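The values are calculated or read from the model by the stated rules, or taken from the named source; none is laboratory data. Computed from a predicted structure; not experimentally measured. Virtual Cβ from ideal backbone geometry, glycine too; neighbours counted across all protein chains shown. Side chains are part of the model used for accessible areas, which takes the heavy atoms of the whole protein and leaves out ligands, DNA and RNA. Shrake-Rupley method; radii C 1.70, N 1.55, O 1.52, S 1.80 Å.
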Amino acid sequence: MTLTPLVYWAQRHEEIYLRVELTDAVVSHKSTQRQVNITVRKEQRGWWERLTVQERKPVFLAPDFNRWLEESDAEMEIREKEEKRNRLKAVRHTEEGFVSLKTSFLFVYNLVQFLGFSWIFVNMTVRLFIFGQDSLYDTFHTISDVMFFCQILASVEVLNAAFGFVRTGVIPTLIQVVGRNFVLFIIFGSLEEMHHRPVVFFVFYLWSAIEIFRYPFYMLRCFNTQWKTLTWLRYTVWIPLYPLGVLAEAVAVIQSIPIFDQTKLFSIPLPKAIGTSISFSHVLHVYLILMFLGLFINFRHLYKQRKKQFQTKKRKTH
């Protein structure tokens, strides 16, 4: 006696769904599955009144009520799928637009900073070769305008980190930006006596030497691209240059303390009964302590970044 499996069917405008139950069949291969699901694409889109040619329904054929829909419901299902597809397409288009806009913004920002710090570094190097030691004493007057521009613009990096445009810590970025701007605007900018000090040259030169490797690295990363030599330089040159930069900043702060004491600039006046004022130099003494604390925090942060970068590369090569 030939066994006929039960067949359950359902349809959509473009497809037929068949579910064949094999509960009474002998399965010859090692499989525990007792049913076969088949999807058949219709040659022409449309709605069938029945599955078989003959009007009389075979005994073994039954509707698959788990998937069964009336024609109007199937049309509604199509509309819902199309609406969902359109919504996903719109969201994807918006996200792609945002990503491209963010990428363009970050690339332009890093490019501008790279050009600015490159101009500073090249200009100072050329002047050093041409004028020798004399170039150390007029650095502020020749370089400060571009340095002011670059360091004001660097404040954007704190916002980028805060809003998640770049994956980096907000605190280390804030420490570096605030620390540099404090030295640039308060120590150098507000004291004319500091303009001709050689320490200005060393601070500016060390800052720019770090950035001419950092910003082009970020430019390439905007497009998920890396240049091995540049990557190594970005994660290595800071090891000697960053502590030297902080040391130069500390020298500048120490040199400015007697000037602030003498000029009483930024001093906080107290009531006449006390008859004195709080010198800004007291703030600078505290700042020196915070400066080296910031050095420790940022050095640890940069070391972790370097370790993570090169460990990831080693895993990829293996």
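With axes computed from alpha carbons, what is the tilt in degrees of helix 238-263 against the longest principal axis of the chain, rounded to the nearest 10 within 0 to 90? Result, in degrees: 40. Counted residue by residue at 0.36 nm each, then reduced by the alpha carbon distance between them, the extension gain from Val237 to Ser155 reaches 27.3 nm.
Taken about its Cα centre, the chain carries a charge dipole of about 1200 debye when Lys and Arg each add +1 at the Cβ and Asp and Glu each add -1 at the Cβ. For a paramagnetic label modelled at 7 Å from the Cα of Val126 toward its Cβ, which residues of segment 189-212 fall within the zone defined by backbone nitrogen distances under 20 Å? It comes to 201-202, 204-212, nothing else. Kindly express, to the nearest 10 degrees and within the range 0 to 90, the angle between helix 139-153's C-alpha long axis and the longest C-alpha principal axis of the chain. For 139-153 against the chain, the angle is about 30 degrees.
Take every pair of alpha-carbon atoms less than 8 Å apart whose residues are at least six positions apart; their mean separation over the length of the chain yields a relative contact order of 13 percent.
Modelled spin labels at Leu69 and Val166, positioned 7 Å past Cα toward Cβ, are 4.9 nm from each other. Each DSSP beta bridge with both residues in the chain is either parallel or antiparallel, and the antiparallel ones are about 80%. Each Cα pair under 8 Å and six or more residues apart adds its sequence gap; the mean of these over the residue count of segment 45-197 is a relative contact order of 18 percent. Excluding ligands, DNA and RNA, the accessible surface per residue across segment 127-273 is 52 Å² with a 1.4 Å probe.
Of the accessible area of segment 121-234, computed with a 1.4 Å probe over protein heavy atoms only, carbon and sulfur atoms account for 68 percent.
Taking the Cβ of Leu244 as the centre, find all other residues whose Cβ is under 15 Å away and add up their charges (Lys, Arg: +1; Asp, Glu: -1). Net local charge, Leu244 excluded: -1.
Taking the longest Cα principal axis of the chain as reference, the axis of helix 71-131 is set at about 20 degrees.
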